[in-house]
1. Against the longest alpha carbon principal axis of the chain, how many degrees, from 0 to 90 and to the nearest 10, is the axis of helix 11-20 turned?
2. Specify the angular offset, from 0 to 90 degrees and rounded to the nearest 10, of the alpha carbon long axis of helix 53-63 from the longest principal axis of the alpha carbons in the chain.
3. Under the classification rounded if a/c is under 1.5, otherwise prolate if a/b is larger than b/c and oblate if not, where does region 56-100 fall, given a ≥ b ≥ c as square roots of the Cα gyration tensor eigenvalues?
4. Once you keep just the Cα pairs under 8 angstrom separated by 6 or more residues, what percentage relative contact order results for region 16-148?
5. Would you mind checking region 120-142 for residues with the amide N under 20 Å from a putative spin-label position 7 Å along Cα→C-beta of residue 278?
6. Could you tell me which of rounded, prolate or oblate describes region 201-314, using a ≥ b ≥ c as the square roots of the eigenvalues of the alpha-carbon gyration tensor, with rounded for a/c under 1.5 and, failing that, prolate when a/b is larger than b/c and oblate otherwise?
7. Given Cα pairs under 8 Å that are at least 6 residues apart, what percent is the relative contact order of the chain?
8. Just to compare against my own numbers: the Cα pair-distance distribution for region 199-263, 5 Å bins, whole % per bin, please.
Ligand SMILES: NC(=O)c1ccc[n+]([C@@H]2O[C@H](COP(=O)([O-])OP(=O)(O)OC[C@H]3O[C@@H](n4cnc5c(N)ncnc54)[C@H](O)[C@@H]3O)[C@@H](O)[C@H]2O)c1
């Protein structure tokens, strides 16, 4: 089975590629806007911008994928109008390009990486897949628009679809640029800065370990078509509790600082997991304490490598970029 992974040099994409390697013919593509090759080990990732429809079509025609795992996206709560434009361009228009190419090239299945951000502030907990969608951010709106495109293009284009609505994914290789809280906390704690908590810290998130998420994408290649499933850890953790866990693992006693809440941040989140269990055969296997411990080790290694290590990793990575 030939599987095209978009966003393959990203945090989750790199773990997905690893989870497929050996058992599937994998082609990874990424525009490297935030992805880096050091994340993908020995798998060659081609440079491809999903907002370029001709380039996307060429890649599909060359590789003829049986399935696409579409993870390429501009991620995070937008901080500027330019960023919002870019999110719309990549997350909506880019998704459209992928779907049109899938339809034109006889791709059998498209799996979309969507987000719990499509729900907005929950009206009930845990949030199941029938919960109303009412995103608070442009990012959430682009993900919801992408979901709709996937459903409609699948019907018209004759391919199957699966939509995975991911919770708050964390784990080794996550960088802080798009603002993920676990990465920011570990890096700040290890570098001796205080942690910054936006809001009162009592807001909750559903954290899910990245290798579990990669496994969900693998299973999504074979589950019944038309599944829309939450992919979360299944429990709510407050940001204050997370800060305490990170500080304990790192061994720092610096007290967190509190900053004003960020617009678009959801107050509470925990995802129901029944659909993923029944339809995908997936359940989170790694609990938060174990996942954070492994993640801490990875950040410690990164800190130990220092600037010299980062520079040589980038140099090694450069040699593995291939052009379409
Ligand atoms: N990390 C999370 O907690 C989380 C939660 C919910 C959903 N998701 C979704 O999972 C997917 C992966 O997220 P991530 O956390 O790995 O983020 P990431 O930024 O690490 O990965 C996204 C990848 O897409 C690439 N990309 C961006 N624009 C592109 C373009 N125009 N053409 C080709 N590639 C492009 C980036 O270079 C990057 O490598 C995204 O679709 C995101 O919306 C992530």
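1. Tilt of helix 11-20: around 60 degrees.
2. 80 degrees
3. Values: a/c = 3.76, a/b = 2.57, b/c = 1.46.
Prolate, because a/c is 1.5 or more and a/b exceeds b/c.
4. 23 percent
5. It comes to 124-133, nothing else.
6. oblate
7. Details: 667 pairs, mean separation 64.4, N = 324.
Relative contact order of the chain: 20 percent.
8. The percentages, shortest bin first, are 4, 13, 17, 17, 16, 12, 9, 8, 4, 1.
Read the figures in this text as sums done on the coordinates, not as results from a lab. All figures in this text were calculated on a predicted structure; none of them were measured in a lab. FYI the Cβ positions are ideal-geometry reconstructions off the backbone, even for glycines, and counts take in every protein chain you see.
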